[in-house]
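Engineer: Starting off with a structure, shown below.
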């Protein structure tokens, strides 16, 4: 941060400053400005959760065999450990500070359902999540007097029952597809100059992708400050049942979010904007200097509650990926993915060992900006630059003659396969074992993307592209990214630069 601030204040004051240094400074300043803007705007989207020292919530559970219904009272107790008796057998519980007690309901049917909904609505925001998405959805009940599985209003875990574990294993796991679509530009005004007039074009792009088997869409709560999620949710309503899209979103690790409840609460709000009960993949958008372990616990909570089918991270380095995978593994929660910048013009994950680490751990890489913000599409020239901050990045590459050589190689490969340069760039990512998630704001871009899914490059093609790309230098350096690099609590390197 100190380095970034120095360059922001006086990018050309250093005695040996050159054009690339200046571009680096402007790029850094833009990224910092974006982060500050996002933080201020998110203040309007986030409100603290209400909590009480002792609360009782009535939760609706799916009845077990032989019982007409069940209500559950959740109490908070300062219990470190306990031995419970279930059907005459003693069960040693793991250390915890919560206890749940179930007893048969005296009434069932519509009236009981109404009472349950009213009680959940009256409860605080987090306990309502446990009712709607955790206990009720997971059906973790061992008879009328058994144990329940979920979270209390402090975000503490109830013990996992044998039935709960079995149902989690039976849940259809989410498998990252070959390619997806990134929805960053859907609603983002600063970087992508979004205009509501574009909504129809975006909807047409969405429909074309769905019709051609590209049904995975990645969004985030900070994309357009929720607008991207709202658009995606409205589009998804046209595809119910088995034809529905697979949707991923992300939690922003903002400074005032300090505990696991914040992750669950943010997930619930994302689900509300998406109009869904469960999303396929939920990720931490970027690392933080503090509270990363709390965020990991929050991811696991979302998974255990049934809010999400899988969890992942984004912009995590080698050490951080290893740490989060180990931590989640202790909860029995698999780490599905790490979303990072990766393209022909940004290959640092190959040189710093991150890609190799993810591959070895079975963590799928979601490659964002696989077209390098449109630069690899070949549509920009020095006379025709994109608008906004992207212009600085595009210009830096266009002024490098070696970038022109890469474009020539890409065109030759494209001609050989009767394809286009964007399709070659995306197929290169697929050939590297990653899942590219390019943007698509109109039919033309959507058509380019879906065709890349069926394009298979040979080893010779990939080798040619690797060699040409390795000669190009641009302003996209890991050190320019504003992500926190080190967790002070865990003494852990979070981001590789």
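Engineer: Note the full-extension length gain between residue 473 and residue 405 as 0.36 nm times their separation in residues minus their Cα-Cα distance, in nm to one decimal.
Structural biologist: Values: separation 68, 0.36 × 68 = 24.48 nm, distance 1.23 nm.
Value of the extension gain: 23.3 nm.
Engineer: With a Förster radius of 41 Å, plug the Cβ-Cβ distance of residue 460 and residue 259 into 1/(1 + (r/R0)^6) and report the FRET value to the nearest 0.05. Provide the component values of the computation, followed by the final result.
Structural biologist: Working: r = 52 Å, r/R0 = 1.26.
With R0 = 41 Å, the Cβ-Cβ based efficiency is 0.20.
Engineer: Grab the Cα-Cα distance for residue 330 and residue 489, subtract it from 0.36 nm times how many residues apart they are, and report the gain in nm with one decimal.
Structural biologist: 55.3 nm
Engineer: Full extension from residue 234 to residue 289: what is 0.36 nm times the residue separation minus their Cα-Cα distance, to one decimal in nm?
Structural biologist: Values: separation 55, 0.36 × 55 = 19.80 nm, distance 3.52 nm.
Residue separation times 0.36 nm, minus the Cα-Cα distance, leaves 16.3 nm.
Engineer: Provide the packing ranking of 484-495, 212-223, i.e. peptides ordered by the mean count of other C-beta atoms within 10 Å per residue, highest first.
Structural biologist: Numbers: 484-495: 16.6, 212-223: 23.0.
Per-residue mean Cβ counts within 10 Å order the peptides as 212-223, 484-495.
Engineer: While we're here: Ranked by Cβ crowding within 10 angstrom, fewest neighbours first, how are 285, 417 ordered? Let's see the in-between values first.
Structural biologist: Details: 285 22, 417 15.
Final ranking by Cβ density, sparse to dense: 417, 285.
Engineer: In whole angstrom, note down how far apart the Cα centers of the range 268-339 and the range 180-234 are.
Structural biologist: If we compute the Cα centre of each part, the gap is 22 Å.
Engineer: Further question: Between residue 199 and residue 382, what FRET efficiency follows from the Cβ-Cβ distance if R0 is 35 Å, with the result rounded to 0.05? Can you show the working numbers first?
Structural biologist: Working: r = 32 Å, r/R0 = 0.91.
That gives a FRET efficiency of 0.65.
Computed from the coordinates by the stated procedures, all read-outs in this text should not be read as laboratory data. Keep in mind it's a predicted model, so treat the numbers as computed, not measured. Cβ sites come from the backbone with ideal geometry, for glycine too, and all protein chains shown count toward neighbours.
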